[in-house]
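These notes are about the structure you will find just below.
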Amino acid sequence: MSPESLQGGNLSSPTSFLLLGFSSAYKAQVALCLGFSLIYLVTLLGNLLIMNLVWLDAHLHSPMYYFLGHLSFLDICYSSVTLPKILKDSFSPQKTISFVGCITQIYFFLCFGGSECVLLAAMAYDRYLAICRPLHYAALMSKKVCHCLVAVSWLSGSFSSLIQAFLTAHLHFCGSNVINHLFCEVPFLLNVSCSPNARLNKAVLYALAGTIAMGSFLLTLMSYVHILWAVLQKGAGGQKAFATCTSHLTVVFLFFGAGAIAYLLPHSSTSKEMGKVLTLLYAIITPMLNPIIYSLRNNEVQGAIRKALHRVLSQSSTKDTGRAAEQPLPSPCMERGC
């Protein structure tokens, strides 16, 4: 669009956007719908299981698992922002989303994503205190400190997403409302915008995302540098303590690595379909894998799962025994047929 037409007042905001998504072939849509449904089901069940275990099991009432419970709640919210809409659009002939719905999706997606970045950094700080300063751990990581760290993660994610959603809502699109993506995300809206403020929005986006994402990652990295140094000094005892960090470290590399590849890799070097796959990795796959990673790599979580299963099985067997005891014995008259 020419500068003259921009100055002439032809800027406008569409009432809705058209999301292209993946292939429109029927068989492909069926496969995608089944795959996304399975991913969402596993995400919900896995994270709800972690939350219930942390809530009910007394052995998991520690700062590390307190943060893990909040991480599971964030993962449920994070995937629920996008996956239900993607599932709804699977068989829809026109994958549309209203302008207000698009801005709302951007706000919550960035809010939960930013909050998870800061929370992962808080979890790394917790492991640093537990391994490097064990004698002062109880005082430094008190309940009040845990609540403050969780509050900071939520507030930082909310504040950053509010600014980005506000700026995105004031973009103009010159009648172009086609987004070649699975859901509303700021970089893809900037690509179709012809607003003079698009460059400002992009600068603010990368500044805020860099501050929260890179800041959280650097704090996490610094914590693990100190942890590794302490482990090397302690020898075998330190290696046993470091085993509690492997699950968190795996989640950190999955979440930050996938996000960095999707945002920092030049779009010209990757196909549009590959960009959507990378987005799925950090927006949908990672929330599903987090509870699986913590379940497979953590002995305390495995023990809590075994105890919960044993409790459920014992309760069901007790109920069956009680029902059998309540059944009346046949009378001699009934046996003789009188």
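Computed values, structure above
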{"quantity": "FRET efficiency, V30 to Q233 (Cβ-Cβ, R0 56 Å, nearest 0.05)", "calculated": "0.50"}
{"quantity": "Carbon plus sulfur fraction of accessible area for segment 166-256, probe 1.4 Å, in percent", "calculated": "72"}
{"quantity": "Net length gained if the chain between L140 and F159 were fully extended (0.36 nm per residue, minus Cα distance)", "calculated": "4.2 nm"}
{"quantity": "S195 long-range amide H proximity, modeled H, under 5 Å", "calculated": "H172"}
{"quantity": "Net lengthening on full extension, V225/V312 (0.36 nm per residue, minus Cα-Cα)", "calculated": "27.1 nm"}
{"quantity": "Rounded percent of accessible protein surface that carbon and sulfur make up, segment 34-151, 1.4 Å probe", "calculated": "73"}
{"quantity": "Nitroxide proxy distance, nm - points 7 Å out along Cα→Cβ at S16 and L48", "calculated": "3.1"}
{"quantity": "Solvent-accessible area per residue, Å², over segment 42-165 with all protein chains present [probe radius 1.4 Å]", "calculated": "44"}
{"quantity": "Accessible area, probe 1.4 Å, largest first, for residues E300, E185", "calculated": "E300, E185"}
{"quantity": "Bins of 10 Å from zero: percent of alpha-carbon pairs in segment 87-156", "calculated": "18, 31, 21, 15, 11, 4, 0"}
{"quantity": "Segment 83-201: proportion of alpha-carbon pairs further apart than 21 angstrom, %", "calculated": "53"}
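The values are calculated or read from the model by the stated rules, or taken from the named source; none is laboratory data. Since we're looking at a predicted model, the values are computed, not measured. Don't worry about glycine lacking a Cβ; one is built from the backbone with ideal geometry, like all the others, and counts go over all protein chains shown. Each accessible area value is taken on the protein alone, full model and side chains, heavy atoms only, with ligands, DNA and RNA left out. Shrake-Rupley method; radii C 1.70, N 1.55, O 1.52, S 1.80 Å.
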